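The values are calculated or read from the model by the stated rules, or taken from the named source; none is laboratory data. What you see is a predicted model; the values in this text were computed from it and never measured. Using ideal geometry, Cβ is built from the backbone for each residue, glycine included, and neighbour counts are taken over all protein chains shown. In case anyone asks, the SASA skips ligands and DNA or RNA and just uses the protein heavy atoms, side chains included. Shrake-Rupley method; radii C 1.70, N 1.55, O 1.52, S 1.80 Å.
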Amino acid sequence: MPKPAAIEILDDGRAIAVVLPNGSRSRFHAVWLRDNAWDEKTRVPGNGQRLITLGDIPADTRIAAARCEAGQLHVTFLPDRRTIAFDLNWLADHAYDGASHRAAGWTSPGIETWDAALQSRIPEGDFGAVSRDQSALGEWLQGVSRYGFGKLSGGPVESGALFKVAALFGYIRETNYGRHFEVRTEVNPSNLAYTGLGLQAHTDNPYRDPVPTLQILYCLENSAEGGENMVVDGFRAAERLRAENSRGFELLSRYCARFEYAGSAGVCLRSRRPMIELAPDGELIAIRFNNRSAAAITDVPYGDMSDYYAAYRRFGELIDDTAMEVTFKLTPGESFIVDNTRVLHARKGYSGAGSRWLQGCYADKDGLLSTLAAIQMQAGRAA
Ligand code: FE2
């Protein structure tokens with residue numbers, strides 16, 4: 001590792017500039033460094049939890065001196081004259097000097113938005129392999145994290161098998177629909193004219209806050225004609241809307257829509273959230289889109305409502321665009337998982353003799369991302 005070429009104390013000790021092992025020159029504030037110290041008086045050795053509050057750090061914390069030695073930056077802080085060592089590689093990984101303003105609708109570097117071109121490389125795992133092998137599981141979860149959905153094949157053909165999929169990475173989110181729900185239709189073989197209704201692509205349960213962040217659909221029978229599942233990347237649809245109509249994008253992200261479900265006794269779920277949700281710094285973080293549970297929108301001022309509706313209509317057209325969809329027909333023992341905050345799912349119409357039986361359940365993304373990160377950390381240590 002190259003030794004930092006220069007250390008410069010700035011602004012009367014309130015900051016320091018360091019040339020880091022990756023060659024970049026980064027400035028760090030004294031209070032930021034002190035808050036992120038890893039010495040045993042600041043963090044619990046082992047679990048790494050912080051022992052102090054910001055109030056324990058003097059407001060006038062300054063840097064009196066700094067030197068580099070063996071990959072560590074030793075900083076002496078005033079007024080308490082404590083010297084704390086910082087790993088230079090850790091500082092390089094956590095440098096913030098280059099952070100800049102990003103345009104609304106930016107996405108995390110860990111994800112990749114897609115359209116129908118993803119059809120030829122659907123992220124897919126084998127149930128047996130991901131159950132046995134942590135690296136196969138990590139690869140599959142990485143695909144789900146990157147693309148917002150993934151297929152799993154070769155699973156058992158038995159009721160409740162979907163719980164085994166959830167157990168690979170996390171926990172079931174139980175709702176008023178139960179721990180799981182049945183998606184089962186018997187097609188009457190004596191009436192071949194019967195056509196099962198298709199469903200427009202949607203995210204599930206936008207009337208909850210928070211929404212279930214993952215959904216698993218597991219196939220047990222699928223001999224009816226049609227009935228394919230289809231997924232659409234809501235983030236790509238939002239990017240397209242932004243590119244062609246930035247005001248429409250802004251309206252759908254600035255104003256809250258409303259969603260409601262009160263379809264069974266004792267249940268009255270309501271939420272007030274935008275169709276396109278951005279973090280305060282503009283990161284695209286969630287899509288909510290479901291024609292069946294959209295309630296009256298009352299949070300858009302009169303002067304913006306026409307444009308809001310035009311944007312809502314266009315967003316739906318982009319979601320319905322066949323150039324956006326990835327389609328697959330599940331066979332028994334196959335399942336798929338979607339990030340319900342991003343990827344919309346739909347069922348195509350089906351007809352003919354046969355039956356279609358899927359089981360569905362919800363789970364949450366924090367468990368999936370935690371399992372993935374733990375596998376990656378373990379693999380990093382082993383490498
Ligand atoms: Fe659904």
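On inspection, Gly110 fails the criterion of being over 26 Å from the mean Cα position of the chain (by Cα) and not in a strand (DSSP E or B). Looking only at the stretch 262-297, which residues are among the hydroxyl-bearing types (Ser, Thr, Tyr) and either touching an Asp or Glu at 6+ places or on another chain (Cβ under 8 Å) or modelled with pLDDT of 95 or more (or both)? Answer for the stretch 262-297, where residues must be among the hydroxyl-bearing types (Ser, Thr, Tyr) and either touching an Asp or Glu at 6+ places or on another chain (Cβ under 8 Å) or modelled with pLDDT of 95 or more (or both): Ser271, Ser293. Here is a check on your reading of the model: is Ala363 open to solvent by 60 Å² or more (accessible area, probe 1.4 Å) and under 20 Å from Val211 (Cβ atoms)? No, not satisfied. Looking across the stretch 317-344 at every residue that is within 16 Å of the ligand (Cβ to nearest atom) and open to solvent by 10 Å² or more (accessible area, probe 1.4 Å), the one that is farthest from Gly148 (Cα to Cα) is identified as Asp320.
State yes or no: is Ser264 out of contact with any helix residue (DSSP H, G or I) (no Cβ under 6 Å at 6 or more places or on another chain), surrounded by fewer than 24 Cβ atoms within 10 Å (Cβ to Cβ) and closer than 21 Å to Asp339 by Cα? Answer is no for this residue. Scanning the stretch 284-303 for residues that are charged (D, E, K, R) and within 14 Å of Gly234 (Cα to Cα) returns a single hit, Arg288.
Report the residue count in the stretch 208-227 for those that are within 16 Å of the ligand (Cβ to nearest atom) and assigned to a strand (DSSP E or B).
The qualifying residues number 6.
Could you list, in sequence order, all residues of the stretch 267-288 that are out of contact with any Lys or Arg (no Cβ under 8 Å at 6 or more places or on another chain) and open to solvent by 10 Å² or more (accessible area, probe 1.4 Å)? Passing the criteria: Val267, Cys268, Leu278, Ala279, Pro280, Ile285. Could you please let me know if Gly160 is touching a strand residue (DSSP E or B) at 6+ places or on another chain (Cβ under 6 Å) and touching a residue at least 12 places away in the same chain (Cβ under 8 Å)? In short, no.
Among the criteria (1) touching a residue at least 40 places away in the same chain (Cβ under 8 Å); (2) surrounded by 14 or more Cβ atoms within 10 Å (Cβ to Cβ); (3) under 31 Å from the mean Cα position of the chain (by Cα), the one Ser24 does not fulfil is (2). Among the residues of the stretch 255-292, those identified as closer than 20 Å to Glu317 by Cβ and of a type in the set (S, T, N, Q) are Asn290, Asn291. Check whether at least one residue in the stretch 48-60 is among the aliphatic types (A, V, I, L, M) and either in contact (Cβ under 8 Å) with a residue 40 or more places away in the chain or within 19 Å of Ser24 (Cα to Cα) (or both), and report yes or no. So far as the stretch 48-60 goes, no, none of its residues is among the aliphatic types (A, V, I, L, M) and either in contact (Cβ under 8 Å) with a residue 40 or more places away in the chain or within 19 Å of Ser24 (Cα to Cα) (or both).
Return the residues of the stretch 345-360 that are surrounded by fewer than 19 Cβ atoms within 10 Å (Cβ to Cβ) and either in a strand (DSSP E or B) or more than 14 Å from the ligand (Cβ to nearest atom) (or both); say none if nothing qualifies. Listed by number, the residues that qualify are Ala346, Gly349, Ser351, Gly352, Ala353, Gly354, Ser355, Trp357, Gly360. Taking every residue in the stretch 333-346 that is closer than 15 Å to Asn290 by Cα and pairing it with any residue that is of a type in the set (Ser, Thr, Tyr) and within 13 Å of the ligand (Cβ to nearest atom), at least 6 positions away or on another chain, the pairs with Cβ-Cβ distances below 7 Å are Asn340/Thr203; Leu344/Thr203. For Thr371, the requirement of being surrounded by 17 or more Cβ atoms within 10 Å (Cβ to Cβ), among the polar types (S, T, N, Q) and either in contact with a Phe, Trp or Tyr (Cβ under 6 Å, 6 or more places away or on another chain) or part of a strand (DSSP E or B) (or both) is met. For the residues Ala129, Ala95, the requirement of being open to solvent by less than 70 Å² (accessible area, probe 1.4 Å), among the aliphatic types (A, V, I, L, M) and outside any loop (DSSP other than H, G, I, E, B) singles out Ala129.
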